[in-house]
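*Asks:* Structure provided below as structure tokens; questions to follow.
The values are calculated or read from the model by the stated rules, or taken from the named source; none is laboratory data. Bear in mind the structure is a predicted one, so any value in this text is a computation, not a measurement. Every residue, glycine as well, gets a Cβ built from its backbone with ideal geometry; the counts of neighbours run over all protein chains shown.
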Amino acid sequence: MKVRVIRSGRKTIGLEVRDGEVLVRAPYFATEAHIRQCLEEHAGWIDRQLAKARQQKAEAGTDGPLTREQLNALADRAVKYIPERVRYYAPKIGVTYGRITIRNQKTRWGSCSAKGNLNFNCLLMLTPPEVIDAVVVHELCHRKQMNHSQAFYAEILKVFPDYQKWNKWLKDHGGAILKRMTG
């Protein structure tokens with residue numbers, strides 16, 4: 001396992017696994033022994049993160065990049081499916097919305113503008129239906145709370161109690177799906 005230590009004026013040691021490497025963010029005063037001890041104490045967590053990264057890389061590599069035709073087919077499906085889900089959830093949440101746009105995006109699953117216009121990534125069509133509903137509810141709840149406060153998440157959970165489960169699915173698997181975006 002490759003370990004890189006980055007020292008700064010921080011007060012505590014932080015660990016991050018990125019691109020198959022363990023980044024240790026450590027204060028200037030932290031000794032090498034203290035850093036080794038921290039790595040040993042968190043070895044299980046580090047191993048799980050590295051395994052997860054390998055799995056995501058394998059999933060991304062297996063499916064390969066999407067062609068323009070595949071992206072267009074996903075967008076066509078999304079244009080029919082996602083607005084249905086928005087129409088279903090908007091009255092349950094008690095909100096209105098503006099335009100719904102389907103996009104090919106490399107980093108976002110959805111967004112909501114201050115005017116109530118909703119954008120969704122066509123790649124959502126590669127996820128389970130519950131993930132799509134989680135993203136739809138998330139964006140619609142921004143019509144009540146334009147932030148990510150506790151009140152915002154309380155609104156989501158009123159309508160979609162399994163939100164955390166499907167949001168975690170998206171965090172665990174979404175990176176591999178987004179990597180399939182071409183161009």
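*Asks:* If you check Asp133, Asp172, Asp162, which single one turns out to be at pLDDT below 95, farther than 15 Å from Ala75 by Cβ and of a type outside the set (Ser, Thr, Tyr)? It would help to see each step written out before you state the result.
*Replies:* Working: Asp133 fails: at pLDDT below 95; Asp162 fails: at pLDDT below 95.
From the options Asp133, Asp172, Asp162, the qualifying one is Asp172.
*Asks:* Filter segment 1-37 for residues that are aliphatic (A, V, I, L, M), loosely packed, with under 13 Cβ neighbours inside 10 Å and under 18 Å from Gln49 (Cα atoms) and give the result.
*Replies:* First, the residues of segment 1-37 that are aliphatic (A, V, I, L, M): 1, 3, 5-6, 13, 15, 17, 22-24, 26, 30, 33, 35.
The next check asks that each one be loosely packed, with under 13 Cβ neighbours inside 10 Å; those that pass are 1, 6, 33.
Listed by number, the list holds a single entry, Met1.
*Asks:* Is at least one residue of segment 46-65 in contact with a Ser or Thr (Cβ under 6 Å, 6 or more places away or on another chain) and either outside the structural domain of Val135 (by TED's automatic domain parsing) or within 24 Å of Lys179 (Cβ to Cβ) (or both)?
*Replies:* Among the residues of segment 46-65, at least one is in contact with a Ser or Thr (Cβ under 6 Å, 6 or more places away or on another chain) and either outside the structural domain of Val135 (by TED's automatic domain parsing) or within 24 Å of Lys179 (Cβ to Cβ) (or both), which makes the answer yes.
*Asks:* Here's something else I'd like to know. Given Arg77, Arg85, which one is assigned to a helix (DSSP H, G or I), buried (at least 16 other Cβ atoms within 10 Å of the Cβ) and in the same structural domain as Val159 (by TED's automatic domain parsing)?
*Replies:* Numbers: Arg77 fails: buried (at least 16 other Cβ atoms within 10 Å of the Cβ).
Selected residue: Arg85, the only one of Arg77, Arg85 that is assigned to a helix (DSSP H, G or I), buried (at least 16 other Cβ atoms within 10 Å of the Cβ) and in the same structural domain as Val159 (by TED's automatic domain parsing).
*Asks:* Okay, moving on. Is it the case, given these coordinates, that Thr107 is closer than 24 Å to Arg54 by Cα, among the hydroxyl-bearing types (Ser, Thr, Tyr) and surrounded by 15 or more Cβ atoms within 10 Å (Cβ to Cβ)?
*Replies:* Answer is no for this residue.
*Asks:* Also, quick follow-up: Among the strands (runs of 3 or more DSSP E) lying completely within segment 88-130, list those that include at least 1 residues that are under 14 Å from the mean Cα position of the chain (by Cα), within 21 Å of Ala73 (Cβ to Cβ) and among the basic types (Lys, Arg). Talk me through it step by step, then tell me what you get.
*Replies:* Numbers: elements: 100-103, 110-112, 118-121.
Of the strands (runs of 3 or more DSSP E) lying wholly inside segment 88-130, none has at least 1 residues that are under 14 Å from the mean Cα position of the chain (by Cα), within 21 Å of Ala73 (Cβ to Cβ) and among the basic types (Lys, Arg).
*Asks:* Tell me, which residue of segment 140-166 that is assigned to a loop (DSSP other than H, G, I, E, B) and over 19 Å from the mean Cα position of the chain (by Cα) is surrounded by the most Cβ atoms within 10 Å (Cβ to Cβ)?
*Replies:* That would be Arg143.
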